[in-house]
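Participant: Before I ask anything, here is the structure I am working with.
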Amino acid sequence: MTDFDPNDYEMAELGPAIKDVDDIAALHAILDKEKTGQNRPGAVALIESRIEKYEHEDEDVDVGSLNLDEMSTADVGNAVQSIEDVDELRTLLEREEAGQDRGGVTRLIQSRIDSVAGSEEGDGEDVELEDELPPEEKHPDLSHPTADKRHVRALQDGTYRDMWVYCETQAGELVDVSKEMLGKARELMDDYNADYDADERVVAVLIGDNVSKHTDDVIAYGADVVVVHEDERLRRFQHTPFCEIFCDMARAGASHDGGEVTGGRDEDWRDYDKPRYALFPATNNGRDLSALVQAELDSGLASDCSGLYIEDTVISNPVKTGVAGEKKTFERVLHMKRPDFSGFEYSTILCLDNPRREFHPQGGSVIPGSFEIPEPDSDREGDVVHHEATLDDDWFTIAVTDHDQLDEGIDLTGHEVIVAVGRGIGANPTKGMELALDLADAFEDAEVGVSRGIVTGSYQFDGHVEQYTHEDRQIGETGQVVAPRLYIAVGISGAVQHKVGMDESETIVAINTDPEARIRDFSDYFVEGDLFEVLPRLTKALQDGELDLELAEAKAAGDGAAATDGGDQV
């Protein structure tokens, strides 16, 4: 290989080209040619890494001569990579545990033991792995050891298709966010099929008791296939059975080359290993299930998303590309947009494969109210698949023997208009709430919400409006998240926590006496004025069908800084 010139290869080609070169002298010659040629940092690192690999393999480590007390964690890690004898490695582990007992060192040695023992086991020898010991024996020093979780690792060269949507039901009814996700999934997959010349589907998942009654509905809202599992024990959500059922559905792919190592059932309706994408509702139960399922399927999760789209993306992160300094195009990536904790910025989360690992399904949970509920199409046709699997009695360790129905309060997410009230009503709290209720009544579909300042404040409200000031109507980070067509913020300053709960609203109108109120920055229209004067005028305008407001003189004179950075001032 002395005539091998790395400069003749692109970075993406260099790794495969030298993967069979195991002669250290030849590798050093290749490294010299790279350094005197293009001297690419990524190529140099790649060749040096391969040299280091074989230098360690040629070393004959004398375990007895190793002084662990004088070695760093990195030194131990390098040394044990050349030790192929399990007994010698266990001797080292015992010496470390009797000496400094460094957690990082013991983990490195144990990992090498597991690797070598696993390799020997694969060669046909009967080797008892320490990992097979029960937790109480493996960790005798712990009073309550955590059992190691064994899950299906990611596939390599797996086959992935379709977008799956978990359709949650509550009290036997399909929740609105399930309909929203079906509509969005239908839109995404229609565009996907057109862009990639594909024929992939929206698959709805229904799990529960008597959920078959919803199959026609989920098809009407956009599903091509509905996978159903019914059992009277599933009347209430429970973590383990719902997770096990969903994962069994997702893994039941056709057994073929590159398929699930752990098996899988051939299914007439599908011929892939796992879903390409998966959506869950960001409800209490949906958040729980999404995290469990995605972890069990060895993939990632973007939680609390409010925007979704699919497109190719170019990434240069070496963890994802495998080579520093190189760019790679990832195809068919689900981009999941979610609000940051600040509430004033958004992040787009991507679930991308690594060079030696694949992450599917690409999954996210969707904030209720993020998308419109589509008009159901009763003429749509779809397939219904009844999932058959035995449910383990151990999954149902908790039984509800009696319960009281709590007042669930008001759901603000499905309304066209929200009138939200904040501390600005402090001068006359009851009057302020009355005016907000009058304004909401002037719309066909509106409700009244409040900021946290109203819930936690010491305001005194008369009995006839007091019910509208409770926590169940709170909007924000610790309350409800809404996305109406029109959001009217009355006397709300615009704290970060409140912005998180309403920022996806289509049009935001803010009413405040403070021209510097932060809410001005993210409102479409800002009314500088006293809410006790403005609200009656807005209500009358709605009732009369005519609004008579003029732009303020400052804006007419060209002082439009606020209008540029935030809402128009009226």
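Participant: Using r as the Cβ-Cβ distance of residue 216 and residue 331, and R0 as 51 Å, what FRET efficiency do you calculate, to the nearest 0.05?
Facilitator: Calculated transfer efficiency: 0.90.
Participant: Calculate the spin-label point distance for residue 114 paired with residue 71, positioning each point 7 Å from the Cα along the beta-carbon direction, and give it in nanometres.
Facilitator: About 2.0 nm separates the two model spin labels.
Participant: Please compute the length gained on full extension between residue 97 and residue 239, using 0.36 nm multiplied by the number of residues separating them and subtracting their Cα-Cα distance.
Facilitator: Using 0.36 nm per residue and subtracting the Cα-Cα distance, I get 47.3 nm.
Participant: So how do 387-394, 490-497, 478-485 stack up, highest first, on mean other-Cβ count within 10 Å?
Facilitator: Highest mean packing first, the order is 490-497, 478-485, 387-394.
Participant: So, one more: Residue-wise, which Karplus ³J(HN,Hα) couplings in Hz belong to region 474-490, taking 6.51 cos²θ - 1.76 cosθ + 1.60, θ = phi - 60°, and x for glycine or proline?
Facilitator: Values, residue by residue: 5, 10, x, 4, 9, x, 7, 10, 10, 8, x, 5, 9, 10, 10, 9, 10 Hz.
Participant: Which residues' amide hydrogens lie under 5 Å from the amide hydrogen of residue 507, considering only partners 5 or more residues apart or on another chain, with H built in the peptide plane?
Facilitator: The list, which skips near neighbours in sequence, is 486, 487.
Participant: Calculate, for residue 402 and residue 295, the FRET efficiency according to 1/(1 + (r/R0)^6) with r their C-beta to C-beta distance and R0 30 Å; round to the nearest 0.05.
Facilitator: Step by step, r from the Cβ atoms, then E = 0.40.
Participant: Next question, about the same structure. Between residue 477 and residues 5 or more places away or on another chain, which pairs have amide H atoms under 5 Å apart, with H built 1.01 Å from N, and which residues are they?
Facilitator: Under 5 Å from the amide H of residue 477 lie the amide H atoms of 498, 500, 501, each far enough along the sequence or on another chain.
Participant: Check residue 421: other-chain or 5+ apart residues with amide H under 5 Å from its amide H, H built from backbone geometry?
Facilitator: Sorted by chain and number, the residues that satisfy this are 449, 450, 451, 490.
Participant: So, one more: Return the FRET efficiency for the residue pair residue 485, residue 171: r is the Cβ-Cβ distance, R0 is 45 Å, and the value is rounded to the nearest 0.05.
Facilitator: 0.95
Participant: Taking only the Cα atoms of region 160-395, how large is their convex hull per residue, in Å³?
Facilitator: Enclosed volume per residue, from the Cα hull, is 139 Å³.
Participant: I've got another one for you. How long is the gain from residue 63 to residue 394 if the chain were fully straight, where each residue apart is worth 0.36 nm and the alpha carbon distance is subtracted?
Facilitator: 114.5 nm
Participant: Which distance in nm do the two modelled labels at residue 17 and residue 78 give, with both placed 7 Å along the Cα-to-Cβ direction?
Facilitator: 2.9 nm
Participant: Just subtract the alpha-carbon distance of residue 24 and residue 460 from 0.36 nm times their residue separation and send over the number in nm, one decimal.
Facilitator: Difference between extended and current length: 148.7 nm.
Participant: Under a plain spin-label model, where a point goes 7 Å from the Cα along Cα-to-Cβ, how far apart in nm are residue 38 and residue 199?
Facilitator: In this crude spin-label approximation the distance works out to 4.2 nm.
Participant: Now a separate question. In sequence order, what are the phi-derived ³J(HN,Hα) couplings for region 305-318 according to the Karplus relation 6.51 cos²θ - 1.76 cosθ + 1.60 with θ = phi - 60°, rounded to whole Hz, with x for glycine and proline?
Facilitator: Once θ is set to phi - 60°, the couplings for region 305-318 become 8, 10, x, 9, 7, 10, 6, 6, 9, 9, 10, 10, 4, x Hz.
Participant: To continue, here is another question. Starting with the highest mean, order 99-106, 227-234 by the number of other Cβ atoms within 10 Å, averaged over the residues of each peptide.
Facilitator: The most tightly packed comes first, giving 227-234, 99-106.
No lab work stands behind these numbers, since they all come straight from the coordinates. Not measured: the values here are computed from a predicted model. A quick note on method: Cβ atoms are made from the backbone with ideal geometry, for glycine too, and the neighbour counts reach across all protein chains shown.
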